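Worksheet: one structure, shown below.
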Amino acid sequence: MNALDDPRRADELVQRIQQKSALRRLYLEVYAAYQTVLDRCPQTGMSVELGAGASFVKDVIPEMTTADILPYSTIDMTFNACHMPFADNSLRFVGMQNVLHHVPDAEAFFSECQRCLMPGGRVLIADQYPGWLAHWILKYAHHEAYDPAASEWSFPSSGPLSGANGALAWIVFFRDRARFQQQFPQLRIERIDRHTPLRYWLSGGLKSWSLIPDSCWSFACSMDSLLLKCSPKWASFMNIELVKH
């Protein structure tokens, strides 16, 4: 087993996220985006975070059900997002952070979202955007596979976390947007917000190091804002909101 796919890493990852202030703040930004989308969802139905792993979303949104394909000790449910164990029209919200690019069959996943979401239910996907800087990091300096030229939305996966195509979200929602809209007519693309040019890379992500001490957080935020004002193509990540109608 690849070490990345070992569910026994859960405690280590939880501790790392909590100890790294910059990374924890980035997670909180995603959870705030979840809450904003949840506020526009139907009031009944289940809310699920997929690929939750070491997530601490329940500290912020207690009603969220956490799920992952790996049997982490920290989650509520274990299942494959391409075959979700929910009834038709039963979910009000699906959230996922840096997860879509690990899903080896995006078409099957979106089919499940279209089936499981109730009318007015929403999906918030926070994932990588191969902007001017991120493209080169993902291509040459990141441990995950990255293939923006892939013709398909699927890939042979070595494991839930070790398998990936870091360009997948861009492929689906930018390069192949017309194909997505044709194949999944009930899932309307409500908005795509590109963000975070530098802060995630400088935080070290889930690695042990960080280049953003607390004293530099405001400066790092200002730098990200300045770059995005110059062009959204400086972004390294994006939030995609889908709504079922």
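The values are calculated or read from the model by the stated rules, or taken from the named source; none is laboratory data. Remember, it's a predicted structure, so these values are computed and weren't measured experimentally. Note that we place each Cβ from the backbone using ideal geometry, even for glycine, and neighbour counts take in every protein chain shown.
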Within the range 80-95, identify whether any single residue is more than 18 Å from residue 162 (Cα to Cα), out of contact with any helix residue (DSSP H, G or I) (no Cβ under 7 Å at 6 or more places or on another chain) and among the β-branched types (Val, Ile, Thr), and answer yes or no.
-> no
Report, ordered by the first and then the second residue, all pairs with beta carbons closer than 7 Å, sequence separation of six or more or different chains, a first member in the range 81-107 that is among the charged types (D, E, K, R), and a second member that is surrounded by 24 or more Cβ atoms within 10 Å (Cβ to Cβ).
-> 92/121
When you look at residue 164, is it closer than 27 Å to residue 245 by Cβ and in contact with an Asp or Glu (Cβ under 6 Å, 6 or more places away or on another chain), yes or no?
-> no
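Which residue is nearest to residue 47 (Cα to Cα), if the candidates are limited to the range 121-147 and must be of a type in the set (Phe, Trp, Tyr) and in a loop (DSSP other than H, G, I, E, B)?
So the residue we want is 129.
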Within the range 225-240, tally of residues that are over 20 Å from residue 125 (Cα atoms), in contact (Cβ under 8 Å) with a residue 24 or more places away in the chain and not in a loop (DSSP other than H, G, I, E, B) | 1
When the range 191-245 is examined, which residues are found to be in contact with a Leu (Cβ under 8 Å, 6 or more places away or on another chain), more than 26 Å from residue 94 (Cβ to Cβ) and of a type in the set (A, V, I, L, M)?
-> 198, 202, 211, 212, 220, 223, 227
Give the residues of the range 192-214 that are outside any strand (DSSP E or B), of a type in the set (Lys, Arg) and either within 24 Å of residue 231 (Cα to Cα) or touching a helix residue (DSSP H, G or I) at 6+ places or on another chain (Cβ under 8 Å) (or both), sorted by residue number.
-> 199
Determine whether the range 152-166 contains at least one residue that is within 18 Å of the chain's Cα centre (by Cα) and over 30 Å from residue 112 (Cβ atoms).
-> no
Report the residue count in the range 148-159 for those that are buried (at least 16 other Cβ atoms within 10 Å of the Cβ) and either part of a helix (DSSP H, G or I) or of a type in the set (D, E, K, R) (or both).
-> 0
Restricting the range 120-144 to residues that are under 16 Å from the mean Cα position of the chain (by Cα) and of a type in the set (Gly, Ala, Ser), the residue that is farthest from residue 200 (Cα to Cα) | 126
Kindly indicate whether residue 24 is charged (D, E, K, R) and within 15 Å of residue 59 (Cβ to Cβ).
-> yes
Right, residue 238: modelled with pLDDT of 95 or more, crowded, with 20+ Cβ neighbours inside 10 Å and farther than 19 Å from residue 16 by Cα or not?
-> yes
Residue pairs within 6 Å by beta carbon, gap of at least six or interchain, first lying in the range 143-161 and without any contact (Cβ under 8 Å) to a residue 24 or more places away in the chain and polar (S, T, N, Q), second crowded, with 16+ Cβ neighbours inside 10 Å and not in a loop (DSSP other than H, G, I, E, B), listed first then second, are none
Has the range 15-32 got any residue that is among the small types (Gly, Ala, Ser), modelled with pLDDT of 95 or more, closer than 26 Å to residue 144 by Cβ and more than 19 Å from the chain's Cα centre (by Cα)?
-> yes
Failed item in (1) farther than 16 Å from residue 117 by Cα; (2) touching a Cys at 6+ places or on another chain (Cβ under 7 Å), with residue 84 passing the rest = (1)
